[in-house]
Number of protein chains: 2
Amino acid sequence: MSRSDKYTIGLVQMAMSADIEDNLKRAAEFVREAAGRGAKIVCLPEMFRSQYFCQREDVELFNLAETIPGKSTMTLGAVAKELKITVVAPLFERRAVGMHHNSLAVLGEEGELVGIYRKMHIPDDPAYYEKFYFTPGDLGFKVFHTPQADIGTLICWDQWFPEGARLTALRGAEILFYPTAIGWHPYEKEEVGASQQDAWQTIQRAHAIANGLFVASVNRVGHEVFNEGSDGIQFWGHSFVADPFGVVIAQASDDREEVLVVEIDRARMEDVRRNWQFLRDRRIENYGDLQKRFID
Amino acid sequence: MSRSDKYTIGLVQMAMSADIEDNLKRAAEFVREAAGRGAKIVCLPEMFRSQYFCQREDVELFNLAETIPGKSTMTLGAVAKELKITVVAPLFERRAVGMHHNSLAVLGEEGELVGIYRKMHIPDDPAYYEKFYFTPGDLGFKVFHTPQADIGTLICWDQWFPEGARLTALRGAEILFYPTAIGWHPYEKEEVGASQQDAWQTIQRAHAIANGLFVASVNRVGHEVFNEGSDGIQFWGHSFVADPFGVVIAQASDDREEVLVVEIDRARMEDVRRNWQFLRDRRIENYGDLQKRFID
């Protein structure tokens, strides 16, 4: 398909309440705002329909899951069609009885379901009990061909794995979207909060550098105390876009809802990849052991 | 073997003249300085014996190559033995008639050759014509077991490849040494110099983060005009050590010879890897396509 030299993306950094219908309504409003400001591909944060429920393990919370297609994809698909844009909608997916994924749906300009990605790398840390809820993704790493660009999609914990970024880049992605839900434990924020946020941005900037493509990371904000008696998670926002040499070209606040609208210039990717030809020099015949857990 | 909780490393950031004997003599002096300040593992910059000759393609320059073992390893091996330390000595290796590598020798506390590593990823850019000089390494990725620590060694251009860092980490490295020769083209320094140096440090900090280990990068300094009429390369120094969460714990200047002596605390690696268990969650069964050049 014929594409222009530039395209515009929108990153919706939002806070979620306990009202899942209101979250959907507000997400749709933010998508409209992004489109109104020129965005043609708009990405929402990880599992935007609800608060980050993985703060505890509770089988009742599987009620939050929905099918794909389902209510969220119908609602946002209609918005995508009306506005003639692509929407990346991260959802808690109910696939079968007792089988759930941390997924995202890509909704196209005709409102159609372009495809889904299921989070491949599943964390499990205090207050991020994801291994309880989510079956690891079985669709592999994905690129979706939209009218604007070939977009790669990954989700949150995936962002710590160079392998995921590389495999998505090798499939032809021009940009990686990382919808995310990451924040501080208030009890340790003062001591380690700055280094955590910096490491998080650094490794994603490095994916941009290693692969010569854009990276757009879309986080939620807000202090969610999901369990009574806990001090919850303070989601750190800081959604950003890095260019193919890791330069941060747009960045949101740590604590406010914001829609970042950013123009992406393909010429920058062409320039960086010509001058830093990492993809030329990979020693693929020596990479077989990457399929090992450890080389004892 | 029994090891203490901490060990001390030395990074020699030096400038090279056209006098290869003087470079060796000065390198030995810097190693002595590092050891005198407590370093037990000392790393020299990439191909420290000479100026960075890859600025032009000239078969006469193969005369700069030497065998391993050879004069440099004999000289530095004797220093290592005298001081009871490990020395990482990067050399232009003559392996056979017409076969040369960009290598490094690890010299042990008895002066012995512990082993060699041959640069796996070979660049070729204006004034960095390495594909002309160096046969790509055929020893794979390496870890050396020294009395102080299990050290991984990579060389310069390797630092842009997450695969090299990962494979070395999976072999048990606690720290990655990256002897380097990277600098600015004076004609573009003002425009892109800052972003180049930042990308270089960012991607190496990301290797530390992704793999939960220390990274020590050892660059040369000095403005070397190797070809008459060219404006040469201004090597940017900036040697540094990053901890297992990517925090820079020591850093040299951009333009002066310096010996960085840095204490490494194993407890930090234990702490980071327990709290950020990336190695637990790799999806190794889905990484096979990393052995492909591109996934068309």
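For a 26 Å ceiling on Cα separation, which of these pairs sit above it: A:292/B:292; B:40/B:142; A:142/A:189; A:189/B:142; B:25/B:142? Going by Cα-Cα distance, A:142/A:189; A:189/B:142; B:25/B:142 fall outside the 26 Å limit. Note on residue A:4 and residue A:225: the model spin-label points, each 7 Å out from Cα along the C-beta direction, lie 4.8 nm apart. Summarising the strand pairing of the protein assembly as shown, around 70 percent of its internal DSSP beta bridges are antiparallel. So what's the net charge close to residue A:151: Lys and Arg +1, Asp and Glu -1, counting the other residues with Cβ under 14 Å from its Cβ? With Lys, Arg at +1 and Asp, Glu at -1, the neighbours total +2. Here the Kirkwood formula, the inverse mean of 1/r across different C-alpha pairs, assigns the stretch A:7-280 a hydrodynamic radius of 18.4 Å.
With the label put 7 angstrom out from Cα along the Cα-to-Cβ vector, residue B:195 ends up 3.0 nm from the copy partners, going from closest to farthest. Take residue A:227, push a point 7 Å out from Cα through the beta-carbon direction, and compare it with the same point in every other copy: 6.4 nm, smallest first. Note on chain B: with a GNM built from Cα contacts shorter than 10 Å, the maximum mean-square fluctuation among B:226, B:92, B:141 falls on B:226. Over chain B, with a Gaussian network built from C-alpha contacts below 10 Å, which listed residue (B:214, B:144, B:278) shows the highest mean-square fluctuation? With Cα springs under 10 Å in chain B, the top fluctuation among B:214, B:144, B:278 is at B:278. Distance between the pseudo-spin-label points of residue B:145 and residue A:194 (7 Å out from Cα toward the beta carbon): 4.1 nm. Can you compute the equivalent ellipsoid semi-axes for the protein assembly as shown, i.e. the square root of 5 times each eigenvalue of the Cα gyration tensor, sorted largest first and rounded to whole Å? Result for the protein assembly as shown: semi-axes of 46, 26, 20 Å. Using alpha-carbon positions, what is the distance between the centroids of the stretch A:234-267 and the stretch A:114-181, in Å? The distance from the Cα centre of the stretch A:234-267 to that of the stretch A:114-181 comes to 18 Å. For chain A, modelled as a GNM whose springs connect Cα atoms under 10 angstrom apart, the maximal fluctuation among A:75, A:135, A:153 occurs at A:75.
This ranking places B:185, A:223 by how few other beta-carbon atoms lie within 10 Å of each, fewest first, which gives A:223, B:185. Farthest toward the positive end of the dipole of the stretch A:156-296, out of A:232, A:272, A:178, is the Cα of A:272, where the dipole comes from beta carbon charges about the Cα centre. Placing a label point 7 Å from the Cα of residue B:59 along the Cα-to-Cβ direction, the distances to the matching points in the other copies come to 7.8 nm, shortest first.
For the stretch B:202-210, putting each phi into the Karplus relation 6.51 cos²θ - 1.76 cosθ + 1.60 with θ = phi - 60° gives couplings of 4, 5, 6, 4, 5, 4, 4, 5, 4 Hz, in residue order, rounded to whole numbers and with x for Gly and Pro.
Read-outs: derived from the displayed coordinates by stated rules, not from any lab. As the structure is a prediction and not an experimental result, all values here were calculated from the model. FYI the Cβ positions are ideal-geometry reconstructions off the backbone, even for glycines, and counts take in every protein chain you see.
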